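**Q** My questions all concern the structure below.
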Amino acid sequence: MSIEKKNKKQIIEKYAINENDTGSAEVQIAVISERINNLTKHFKNHNNDVHSKRGLLALVNKRKKLLSYLSRKDISKYQDLIKKLNIRG
């Protein structure tokens, strides 16, 4: 399940470092997290959708790699992002 354009734009504006930022780790993690949330809602009604589950696992792994990169690069940004997105406990 993809994100609507206006929702994606709002997420990018919220987590962007500057006005032209669309590819920083923080923005990518936020967008992927929104897609993961949409997919988990989708699975409440369609629990046998195997193809989408495979896509969900790929998104989770990509987000994990980006979070790992961010924690190595800047631990304070990592911790702030984790709190804002409410992931990892």
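**Q** What is the residue count in the stretch 40-65 for residues that are farther than 18 Å from residue 88 by Cβ and among the hydrophobic types (A, V, I, L, M, F, W, C)?
**A** Qualifying residue count, the stretch 40-65: 3.
**Q** Just a yes or no: is a residue in the stretch 51-59 out of contact with any His (no Cβ under 8 Å at 6 or more places or on another chain) and within 19 Å of residue 15 (Cα to Cα)? Walk me through it before giving the result.
**A** Looking only at the stretch 51-59, we keep the residues that are out of contact with any His (no Cβ under 8 Å at 6 or more places or on another chain), and these are 51, 53-59.
From what's left, within 19 Å of residue 15 (Cα to Cα): 59.
Checking the stretch 51-59: at least one residue is out of contact with any His (no Cβ under 8 Å at 6 or more places or on another chain) and within 19 Å of residue 15 (Cα to Cα).
Any read-out appearing in this document is the output of simple, stated calculations on the displayed coordinates, not a laboratory observation. All of these numbers come straight from a predicted model, not from anything done at the bench. Note that each Cβ is placed from the backbone with ideal geometry, even for glycine, and that neighbours are counted across all protein chains shown.
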